[in-house]
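Asks: Below you will find the structure I want to go over with you.
The values are calculated or read from the model by the stated rules, or taken from the named source; none is laboratory data. Predicted model only: the values in this text are computed from it and were never measured. All Cβ positions, glycine included, derive from the backbone under ideal geometry; neighbour counts span all protein chains shown.
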Amino acid sequence: MKEKFLWIGIILIIISGVANYVYFETKQLSKPIFLDHYIKKPFNLHENQLTFFYLTNKQEPLQVSYVQIDGAQFYPSTTGSGFMTLNQNPTYIPHEAEYSHYYLMRERISFPAEILPEKVAGKEAWSFSEIEVGFTNGKQITADIGKVVLSAHEPERKVFDFRMTSSSSQHINQAAMTAMEPVTINDIVIPFPEAGEHVSIKVDVEQERLKELGAVKNGGKIPEWLRGNKKWKDFDGKLLRNDTLPITLKKNEWMRLMTAVNHDSYFEFEMEIQGTDSTGSPFVQPVMIHDRPELTQEDVERIIDRKAGDDDA
């Protein structure tokens, strides 16, 4: 009888092991998955760097060797995400974050000016949404990375004095500014229509409250209403809608712009405040938005379900 129970126990252990292995195999990616990136940067005449994030299997993590775009190859400017210490295992793979079966990797790719396509050198915008990626193990894939635009640097006419900028762990960016002359704001634009569902904008022009920010730049006390790690719904201001604009500001009057972005994508672009001055002359004032992904395990599973397709579902 004891021998019978012994064999039953062994069989159960084998079945459990097989089931765990099968489950593990179903969680393995057939290729790395790149997150969505929304990047628009002015073209630098010397050196340009773009940051990309991707998920790879923890069991056999892949590191980027090069990327190819429009026939030109570009290479990492670092050896990977994170840092190596003197006492660290040399087989350690630097990564941005770790999950049950995956690593989130970050790679900075250098785009030297001398090998960029001629149309960028000719001061035309260069945009792409896919890249060919080669990894250190020889594997090559075509990756959907969202939308990247490199464009010529356009002269900026400064009509606002930026008095305060901040960001929070809630993926909320703020910029408070005063008008340097009378202006009418006709539109506030993000450069990617496809990113509209991932970005929310609020505008605050309540002058009596915003005047309290005047002392902050000089080391004064932060107003109580600005303190704390508030949620988006608790921020003062009006959501940007069709009926929010136009907004007219007198010289030295305040405006605060707030943006909330999805935490599962990478954003690096300039939002544009478009308007006219008191003479009717148009202006465009850029406001930088820069936010990096912060994923939960549930986010990772959702991204894989959405991006991997039938091969990795």
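Asks: Filter segment 188-230 for residues that are out of contact with any strand residue (DSSP E or B) (no Cβ under 8 Å at 6 or more places or on another chain), at pLDDT below 90 and among the acidic types (D, E) and give the result.
Replies: Those that are out of contact with any strand residue (DSSP E or B) (no Cβ under 8 Å at 6 or more places or on another chain), at pLDDT below 90 and among the acidic types (D, E): E197, E212, E224.
Asks: Could you please find all residues in segment 152-169 being assigned to a loop (DSSP other than H, G, I, E, B) and either surrounded by fewer than 16 Cβ atoms within 10 Å (Cβ to Cβ) or small (G, A, S) (or both)?
Replies: A152, H153, E154, P155, E156, R157, K158, S168, S169
Asks: Which residues, counting only those in segment 234-257, are modelled with pLDDT under 90 and outside any loop (DSSP other than H, G, I, E, B)?
Replies: Across segment 234-257, the qualifying residue is only D234.
Asks: Name the residue, out of E253, E294, that is touching a residue at least 24 places away in the same chain (Cβ under 8 Å) and buried (at least 16 other Cβ atoms within 10 Å of the Cβ).
Replies: Going through E253, E294 in turn, the sole match is E253.
Asks: A follow-up question, please. So which residues in segment 131-161 are free of Cβ contacts under 8 Å to residues at least 60 places away in the same chain and under 25 Å from the mean Cα position of the chain (by Cα), if there are any at all?
Replies: Listed by number, the residues that qualify are Q140, T142.
Asks: Among the residues in segment 173-196, are any farther than 18 Å from T248 by Cα and in a strand (DSSP E or B)?
Replies: The answer is yes; a qualifying residue exists.
Asks: While we're on this one: Say whether the condition of being among the aliphatic types (A, V, I, L, M), out of contact with any helix residue (DSSP H, G or I) (no Cβ under 9 Å at 6 or more places or on another chain) and within 26 Å of N48 (Cα to Cα) is met by at least one residue in segment 147-156.
Replies: Yes, segment 147-156 contains a residue that is among the aliphatic types (A, V, I, L, M), out of contact with any helix residue (DSSP H, G or I) (no Cβ under 9 Å at 6 or more places or on another chain) and within 26 Å of N48 (Cα to Cα).
Asks: Continuing with this model, one more query. Being at pLDDT below 90 and part of a loop (DSSP other than H, G, I, E, B) is the filter; apply it to segment 10-59 and report the residue that is surrounded by the most Cβ atoms within 10 Å (Cβ to Cβ).
Replies: Out of the qualifying residues, it is F43.
Asks: Right, something else. Scan segment 63-77 for residues that are of a type in the set (G, A, S) and at positive phi and jot them down.
Replies: The one that is of a type in the set (G, A, S) and at positive phi: G71.
Asks: Select from segment 269-291 the residues that are over 22 Å from V203 (Cβ atoms) and surrounded by 16 or more Cβ atoms within 10 Å (Cβ to Cβ) and list them in ascending order.
Replies: Selection gives nothing.
Quick grid of which residues meet (1) of a type in the set (G, A, S); (2) surrounded by fewer than 15 Cβ atoms within 10 Å (Cβ to Cβ):
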position	(1), (2)
G214	yes, no
P223	no, yes
N229	no, yes
I247	no, no
Y266	no, no
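Asks: Take the residues of segment 78-101 that are buried (at least 16 other Cβ atoms within 10 Å of the Cβ) and at pLDDT 65 or above: which is nearest to K31 (Cα to Cα)?
Replies: The extreme case among them is H101.
Asks: Let me ask something additional. Just checking, how many residues over segment 172-187 are β-branched (V, I, T) and either at pLDDT below 95 or outside the structural domain of V203 (by TED's automatic domain parsing) (or both)?
Replies: Total meeting the criteria: 1.
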